[in-house]
Structures are given as structure tokens and as C-alpha cells.
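Read through the structure below, which is laid out as C-alpha cells, and then see the notes.
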Amino acid sequence: MCGIVGFVTSKYSIEEKKEQINQMMDRIIHRGPDSSGEFVDKHVALGFRRLSIIDLKSGDQPIFNEDRTKAIIFNGEIYNFQELRKELEAKGHIFTTKADTEVILHGYEEYGTDIVKKLRGMFAFAIWDREKQELFGARDHFGIKPYYYYQGNDTFMFGSEIKSFLDHPDFVKEVNPRALKPYMTFQYSAIDETFFKNVYRIPEGHYFFVRNGELEMTQYWDAQFSEEDMSLEQAIDLIDEAVQESVAAHSISDVKLGTFLSSGVDSSFVTSVSKPNYTFSIGFGDKSYNESHEAKKLTERLGLRNFSKLVTSEEAFEAFPNIQYHLDEPASNPSCVPLYFLAKLAREQVTVVLSGEGADELFAGYTDYGFATKAKSVRVFAEKLKQLPKKSRYRLARTIKKMPNFKGSLHLYKSLAPAEEFFIGQAFVFEETEADVYLQPKFRKSETVREIAQRQYDKVPDLPEVKKMQYLDIHQWMPKDILLKADKMTMAHSLEARTPLLDIRMMELAERIPVKYLLNAENTKYAFRKAANRHLPDEWADREKLGFPVPIKDWLHEEKFYKEVRGVFEADFVPEFFDQEKILDMLDKNYTQEIDARRKIWTIYSFLVWYKVYFIDEK
């Protein structure tokens, strides 16, 4: 696990490039405090910060091929590198390290761009071809590892974190005015261009070339959902086997490894299978915001050690500017806060953790996929209505939508309606028209929420509604929120997080599972929970999803923290973005409990703290 950064330009001397690349590497030293490496020539500079996980003695980068015509820098882990290495050695390739990085390099020599289709893991890498004077790079299938690029002033920059670009003389730091409005609804940076103007992400499942200053992008993987004829028992067996195999593959390490453990089924399943020497949990004191109690109970039953911490409100607010700094872009997902402290706690004991991300997207664990009532009778009735022809379902859904609300109406509507009509992902903070009320005119222009979601829906028009929603989340919510915060919050503390439930082999199975075993009248993530139940007590396998409970509501009703947020809302720079009077009014009414606007306030607060960190206090 590491951090990479580089740039392609014919400007500057080699000495100037060396100085620049070292400044850029210093920015991301938290991603790799163990060592660094660089390669600089007339046209390129490659920089690497290392957190040693595999091949502790000889895994430094950049790594070169046999004749030193190609150099690679790589961030991530390849879980099938040993079998690929044997294959490549049989074809005559000579390895100088035991690191997984070298497999990618020799694989590119042997297979060209097809090497990315052979990799199982999380990765962001760049290979410089000294003969062709071209850059080749790729990002993993799901976007587990972050990867950004910037083009400007005859320079192409790329790296694991945007902040590494700040020190390059050709980087122009500007706020992207089109990013703020979608963020107000989604709670994360939702469009292709980031909050920094002209900085983009390499999309998940893509590779790229840079030749003669031109960027060429190609998609090499996408989810291919289908429905395979299988029994429930077969589905459970397949999931159980796949989880056990993936956990084993993700546990290969030359350093100490543990697991994140909440009260939920995903991390509990991973922990029960891996049985690590270390488990880590976090909470906020009050029982309703503290999952560490349940985590402790599970580890006691499994005979494992658990390390836990209660985060105080004061600690959370003190750390919040640093959290936004490490995220690179504003993110108002409340779980960023406990995840930051959880990573800090884990790093005191281990260098690698297994985490539970991905199961909800792959196996339909979110209630927003159409599990909107606790009434079993309504759920059973909805399952019968799902058997109607598509046109009849859609027509009935639109009729229900026009009717006065009744018990179970939301569940029936979401069970029958086209996904495109109601679902934009797992977060919905501001309605767009409401965002316009608070935003200054300059920031009201962007892609609409519907356009952002529809771009994904247009690729899968014939899928069942649940799988359409999964597809959207795999390309929006997962890479731009869930995976991004997981990477940034762990790497802030030089901790590697691995996601065994989000793996290309797991995905190949998940794509085939029938919808009736994903979400039905019994539960969300139904077959997955049944597989987990073979390893966990019922109360863990069937537990309702909580996420990371965070006491934002309590914070904003407590005078001390209300005043802290108000101090930011009152700042001189705020009117550039918002109608200051209106956001202060919303904050005040929330404090006096006339309204409940906690998520809206936190979303605005997160953006303003991020802006203050990067554009006012950054030096």
C-alpha cells in the first residue's frame, strides 16, 4: 500500500523535476512513511511513497523491467500475483523482487493492456515506456484505490491524492463551481470533474494512455448483471465459499493484520471467517451511538481480542478540519468521523485491516432498494405484485404515488416503480430546488441530479429494478463516497484497508444471484445473511444495517458545538457560495428545534470547513 504521484512534461530541467516530484511526494508521506523512490528523465517524473506490506526488503519502487525500458509505480495489492508470477516466469520473464508490483510490469510486457483484465485486487498504477515516451496506467475494477489527473500548462499530472498537485508550479488551484450543487444533494463530489477545477478522476474499471500530451481513456470492465437459475441453498453455498476464499486471499501479508468490527453483519462475517488476532471498534459514548458494545460481545463469543475507543465530541470537532484535508474534496458522510478515529486506533496495533465494504452493493443490503416497511404482510403483498408485467407494475406504482399516504405505501411504490423515478443512490440531502434557495447564482449551474443518475441507468435499461439500483451505486455511491472515505481515512494514518467482500471474484458471483435471493419479503441481502448465519449467531446475521451512528443531532443542539458551527457559517468568505442569512437562519431554527435540518447543516458545514482548509488556511 502506497501513494503514487507523477507528471509528464518536457518543461523544466531534470534537477527542477526532481525538486518538484519530491515536494509532491512529501504531501502524501502519510500514504507511505516507510520509504520513497523516484524516477526522473527529460519527459517524466515518477514519485512513490511506500507503506511496506509485501516483500519488506526488496519491494521499493519504481521497479524496472529487465532492460530498464519501462518503469512502474503502483498503489494497491494484487491478490493473485503469485499465480501470475509463475505464468510469467514460465514465459521467460525474470523477476528481481518478490513484490506484486513487478507482476503488473512484466504482465504489461507480455499481454499489453489485457494485463488489467487478469489482475485481482485493488490498484492504481502508472508505467512509463522510455522508448515510446508514453504513459500507461489503470485503476481497479471498483475504484477501491483513488486516482486523479490534471492537465494544464503543457503538463499532465496524476496521483493518489489531489493535494499532491498543489506544490507543482503548473497546477492552478481553483474551486470548480459546477461541483457544489450536486454535492448538496448527494453529500459527495458527484460529477466527473472534482471540486478542483480541471482535476478529474480516472474512472473505476478504466485504463489510459498519455501520448504526446493527449489523454486516451478506455473502459476495460463493467458489471454484467444477469440471473442464473439456482436454488436458495445453492446461492448460500456459493456465497459462503466465495467469502471464505476471498477472506483468505485478502489476508496474505508480511505484517500484522486485523479487522474493523461494527455491530453489522458484513464486518462480523469477515471477522468470524478470518479470526484475526486484532479487531477494532469505535463509538460515541451514548449507547445509541456506540456499536463497540455489540462488537465486544461478538469477539468474546469468538474468543478474539477487541480494541475499542469512545470518541468524545470535542475530539471529533477538533479533528474535523484534518478529516476534510485528508478527503481532498468535501464529504458530508457522517461516518468519515468515526472511521478516521477507528483507523487511528487500528494503526496502533497493525498495518493492515480487513473491512466490510461492498457487500451492500453486491448483495442488495440497502433498505432504499425497496425495503421500506416493517410490516411483513405489506412486504409479502409487494412480492406478489412484483410478478405483474412491467407496464402494469409501473402503472400501479404511479397510481400509488398520486394517492394519499397509507401504511406501506412507500414500500409498495418503491417495489413497483422504475428505479429511474425515485432512486439516485444512498444519500439525498437537499432537493435541487431547495439547494438553489441557499446557493449563490454562480453555483446553481451544473448537471442535474437526474442527469447524473440517468447516465448510469441508460447503460442497463433491461435489468430488474433492484439490479439497476445496484449498478448505479457501483458507479456513483461506492467509488465516490464509500470507497473514497475508506481509503482516505485509513491512509491518513498509514493503514492499509482491504475489502474482501468487494472483489472481482465476489462480483462474478454476485452478478448471477437471482433478485429473489437478494431482497425479498424476509430481508435485505437475504442469501448473504443466510451464508453469514453459518458463522454468526442469528442476532448478528439478521441485524438491521446501521452504518456508523454519529451524534450530529446532539452536537447541533449543544450550545458549544452549535456556536462552533455558527462561527464558520458567519465567516467572511461564506457569502461567495451561500446566502449567509438563510443558512444562519436554518442553523438557528435547528438549534431551537423548530426544524430538523441536521444533515443539511452538516453538508454545508463540511464544504465550508474543506474550503477554509484548502483555500484560506492551506499554507
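What follows draws every value from the coordinates through simple rules; no lab data is involved. This is a predicted model, so every value here is computed, not measured. Cβ: placed from backbone, ideal geometry, glycine included. Neighbour counts: every protein chain shown.
Counting other Cβ atoms within 10 Å as a rough exposure proxy, the listed residues Met122, Met469 run Met122, Met469 from fewest neighbours to most.
DSSP loop GluC sites (Glu not before Pro) in the range 77-155 with at most 13 other Cβ atoms within 10 Å of their Cβ, which ones? Could you put the intermediate results ahead of the total?
Details: sites: Glu77, Glu83, Glu87, Glu89, Glu102, Glu109, Glu110, Glu131, Glu134; in loops: Glu131.
Here the sparse-neighbourhood loop sites are Glu131.
Exposure proxy check: Met489, Met230 ranked by fewest other beta carbons within 10 Å? Could the numbers behind the result be given before it?
On the way: Met489 25, Met230 16.
Final ranking by Cβ density, sparse to dense: Met230, Met489.
Order of 523-529, 172-178, 447-453 by packing, highest average Cβ count within 10 Å first? Numbers along the way, then the final one.
Working: 523-529: 24.7, 172-178: 15.1, 447-453: 16.7.
Final packing ranking: 523-529, 447-453, 172-178.
Amide H contacts of Leu439 (H built 1.01 Å from N, in plane; Pro and chain starts excluded): Asp579 sit under 5 Å, all sequence-distant by 5 or more or on other chains.
Computed from backbone phi with θ = phi - 60° and the Karplus coefficients 6.51, -1.76 and 1.60, the 3J(HN,Hα) list for the range 174-179 is 9, 6, 7, x, 7, 8 Hz; x is used for glycine and proline. When Phe186, Phe573, Phe209 are sorted by how many other C-beta atoms sit within 10 angstrom of their C-beta, beginning with the fewest, the order is Phe573, Phe209, Phe186.
If R0 is taken as 22 Å, the Cβ-Cβ distance between Asp229 and Glu522 corresponds to a FRET efficiency of 0.60.
Residues in the range 466-478 carry Karplus couplings, in order, of 4, 6, 4, 5, 4, 4, 4, 5, 5, 9, 10, 4, 5 Hz; the curve used is 6.51 cos²θ - 1.76 cosθ + 1.60 with θ = phi - 60°, and Gly or Pro positions show x. As a rough guide to protection, the peptides 36-49, 392-405 ranked by mean Cβ packing within 10 Å, highest first, stand as 36-49, 392-405. For Ile595, the residues whose amide H sits under 5 Å from its own are Asn590, ignoring neighbours fewer than 5 places away on the same chain, with H placed 1.01 Å from N. Computed extension gain for Ser10 through Phe381, at 0.36 nm per residue and net of the alpha carbon distance, reaches 126.9 nm.
How long is the gain from Val437 to Ile29 if the chain were fully straight, where each residue apart is worth 0.36 nm and the alpha carbon distance is subtracted?
142.8 nm
Using the Karplus relation 6.51 cos²θ - 1.76 cosθ + 1.60 with θ = phi - 60°, the per-residue 3J(HN,Hα) values for the range 435-441 come to 4, 4, 5, 9, 7, 6, x Hz, with x marking Gly and Pro. The residues neighbouring Ser189, those whose beta-carbon lies less than 10 Å from its own, together hold a net charge of -3 under the Lys/Arg +1, Asp/Glu -1 convention.
Between the amide H of Ser308 and those of Ser281, distances stay under 5 Å, these residues lying 5 or more places away or on another chain, with hydrogens modeled in the peptide plane.
Let me have the 222 nm mean residue ellipticity of the chain computed from DSSP H runs of 4+ only, each contributing -39500 (n - 2.57), with the sum over all residues rounded to the nearest 500. All intermediate terms of the calculation are to be shown ahead of the outcome.
Numbers: 26 runs with 250 residues, N = 619.
That calculation yields -11500 deg cm²/dmol at 222 nm.
The structure-derived value of volume of the Cα convex hull per residue in Å³ appears in the list [x] 138; [y] 250; [z] 153 under the label [z]. Summarising the label geometry, the points placed 7 Å from Cα in the beta-carbon direction at Asn22 and Ser409 lie 6.8 nm from one another.
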